[in-house]
Amino acid sequence: MNEVRFRAEQMKALQASEAGTLNPHAVLTGVQLEDGSYHVLSYCGDDVVTLPDSLFTAGTSNNQKLLNFLRVPLPFRDTFKICVTSYILKGVEGSSPPKGNTIRQFFYQATAFLTWLNDRGVSRLSNVTPLICQQYVEFCKKLKGHKGEPLSGSYLNRLFSAVQNLHILSQQSSDAMPYPWQESSAYQLSGTSKLFHQGAKTETIPDDILGPLFQSTVDWLDRADDIISVRERIEAWQSEGMSRKPIRARLNKLGWTKSELSEAERHLQTACMSIVLITSGIRVSELCSLENQCAFKTLDEEGEPFHWVRGTSYKTGVGDCEWLVAEITHRALVVAERLAQPLQANLEQRISALRTDNPKDVDIPQMREHSHRLFLAVGKKHKYGVETLSISSIIKRLNTFAAQCGLEWRFTPHQFRRTFAVYVAHSAFGDLRYLRDHFKHWSLDMTTLYAMSRQQDADLYDSIGLAAQSIKMDLLEHWLEPDAILVGGGADPIQAFRTKSEALATKEGRAEMAKTISPLVHLRATGVAWCTADTGGCNGGQGIEKTRCADCGNAVIDQSRKFVWQGIYSQQLELRDLTDIGPGGTERVERDIERCEVVLKGLGATGEDLADVAT
């Protein structure tokens, strides 16, 4: 059917649901074909509804696009179909129509509530009282997750929100459900409000895991040409009409078996995915969206290159999005594209065959979605033979890859993004200076960087900003501790401030005080100190002037920088023994040694300690 008729059919479904009835023959969902016409996926009366790919992120498996009403207790089934029809086509009042995962989440969490009601002999929504709903709240709070722990506040919030939405959506039906809570809400009942200010809950990947993981990915990337060349030889032999047995024999002569080559290709593909996730901060769903030619470069006024990757962001409905990445990210994407080419060609052949047999085959537009993607997999379980890797499959691949590296860690979808944000924030504070080199001009002046392109991931910048704020607050809180050793011209005002006990009287503690003053304090790392100056032009801590911060009135040096000054001190002592640096060089070395000794003694080093450094 054409688009006008398709939309008219959907309108019939919506009008029926708004009138509190179900039109079982009205169109609920469909997919647009290549010629612009529509194919119906589901009708309102279907027991299993298929949601279109357009409602989901890349990497969503096909079984997650189904709503099975046979799981809904029979007494509630028709009323619930009315509610779901309205939810899919319109959403709840005050919000836009929901995306696929939100629909699926509501469907199964509301189904859990209806099943609980049915088990207790309640067969009508109109009989659901606030007391019954409170009992459901208590029931849910006693449930355990897959690790044997109580359900999280955020998950409870989703469960209770589904009950609230069911109440809203049922009001137009003949079995309207009363408001479920007395003077409360899902948000309050779940305890989410208490958790709101506790900060990010997603665990960051530790250095001792991320370091070896990244090194292994680079090692695999270095082997890419060898692995892909073997695959290309096999394809050449196949094009010559060679059968499996001689191909296997030739492969063995090259030192490979078919299973070993397949495993190597999987690991290489996973290495590429890992590099992209580690160096870009994109979500796993956004990784799934990457296609051929997604990597590109721009040049600044001085000819310095910026490396970018273009994909699709689903989380906030932004759509096309760009991320600043490292040079090695582009290298990984080139390898990923080479690995994907045979699978993409396989899909194109299947599409071509389908077009010949039936130009309006419903699978063609869905297969086209996969045909340009970079991270594909082939398998009997895939509907089209070759499909974009699912998010769950990618996480499984990452865990398998980590295991072959000898690492014991279980990855979750958001960990790479969270870790990236924290690492970039640390980079700006001087703890991971190499990351600055990767990203050239990367800084925490997000407004300036974001202004370069409105397609950039603003949400990622917010995450980096929050991580940076957290680091800054932790640092300030430490400086406010009475026994924290601080050196430098900027240390005196801080020490004077913290000795005044009345200064903290209006706050609950140092953490609260640090939070309050954090926005008022300019803070950046110089590598050897913390600089509180809010103007530029200083080259302290960089190049050959690394000791300048020792005499600066804006510098604060704490114990975290002690090892740096010990290293500088040791190097200067070596320079003192040189006989060919001239009077000026000798004078400068002595000045730097004196500066180092002042800083190190201020940080608690004794003469004995300095002698140990000297040896």
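The values are calculated or read from the model by the stated rules, or taken from the named source; none is laboratory data. Quantities reported herein were computed from a predicted structural model and do not represent experimental measurements. When we count neighbours, we look across all protein chains shown, and the Cβ atoms used for this are built from the backbone with ideal geometry, even at glycine.
Quick notes on this structure:
- Filter pass, K81 being modelled with pLDDT under 95, touching a Leu at 6+ places or on another chain (Cβ under 8 Å) and closer than 30 Å to C140 by Cα: no
- Residues being surrounded by 18 or more Cβ atoms within 10 Å (Cβ to Cβ), touching a residue at least 60 places away in the same chain (Cβ under 8 Å) and in a helix (DSSP H, G or I) - total across region 52-68: 1
- Count of residues meeting criterion [surrounded by 16 or more Cβ atoms within 10 Å (Cβ to Cβ) and free of Cβ contacts under 8 Å to residues at least 40 places away in the same chain] in region 311-339: 2
- Restricting region 287-299 to residues that are in contact with a strand residue (DSSP E or B) (Cβ under 7 Å, 6 or more places away or on another chain) and not hydroxyl-bearing (S, T, Y), the residue that is modelled with the lowest pLDDT: L299
- Boolean, I132 is under 24 Å from S17 (Cβ atoms), at pLDDT 85 or above and of a type in the set (A, V, I, L, M): no
- The residue list L374, L398 contains one member that is in contact with a helix residue (DSSP H, G or I) (Cβ under 6 Å, 6 or more places away or on another chain) and surrounded by 14 or more Cβ atoms within 10 Å (Cβ to Cβ), which is L374.
- Selection count, region 583-611, where residues are within 17 Å of Q559 (Cβ to Cβ) and either at pLDDT 90 or above or not in a helix (DSSP H, G or I) (or both): 11
- Hits in region 393-446 - residues which are on the phi > 0 side of the Ramachandran plot and at pLDDT 90 or above: G406
- Answer residue from region 109-151, given it is without any contact (Cβ under 8 Å) to a residue 24 or more places away in the chain and aromatic (F, W, Y) and is surrounded by the most Cβ atoms within 10 Å (Cβ to Cβ) among those: W116
- Options L261, L287, L268; residue that is over 24 Å from A58 (Cβ atoms), touching a Leu at 6+ places or on another chain (Cβ under 8 Å), assigned by TED's automatic domain parsing to the domain that holds P212 and part of a helix (DSSP H, G or I): L261
- Test: residue in region 67-89 that is assigned by TED's automatic domain parsing to the domain that holds L14, β-branched (V, I, T) and within 25 Å of the chain's Cα centre (by Cα): no
- Count - residues of region 486-507 that are modelled with pLDDT under 75 and either of a type in the set (K, R) or surrounded by 15 or more Cβ atoms within 10 Å (Cβ to Cβ) (or both): 4
- Looking at Q293, Q344, just one residue is in contact with a helix residue (DSSP H, G or I) (Cβ under 9 Å, 6 or more places away or on another chain), without any contact (Cβ under 8 Å) to a residue 60 or more places away in the chain and part of a loop (DSSP other than H, G, I, E, B), and that residue is Q293.
- Number of residues in region 73-90 that are touching a residue at least 60 places away in the same chain (Cβ under 8 Å) and either outside any helix (DSSP H, G or I) or of a type in the set (S, T, N, Q) (or both): the value is 4.
- Tally, over region 297-310, of residues that are surrounded by 16 or more Cβ atoms within 10 Å (Cβ to Cβ) and either basic (K, R) or closer than 22 Å to V386 by Cβ (or both): 1
- Entry remark, region 555-572: residues being at pLDDT 90 or above, surrounded by fewer than 17 Cβ atoms within 10 Å (Cβ to Cβ) and either among the hydrophobic types (A, V, I, L, M, F, W, C) or within 11 Å of V599 (Cα to Cα) (or both) number 0 in total.
- For L189, the conditions (1) free of Cβ contacts under 8 Å to residues at least 40 places away in the same chain; (2) surrounded by 11 or more Cβ atoms within 10 Å (Cβ to Cβ) all hold with the exception of (1).
- V49 passes every criterion in (1) modelled with pLDDT of 95 or more; (2) outside any strand (DSSP E or B) apart from (2).
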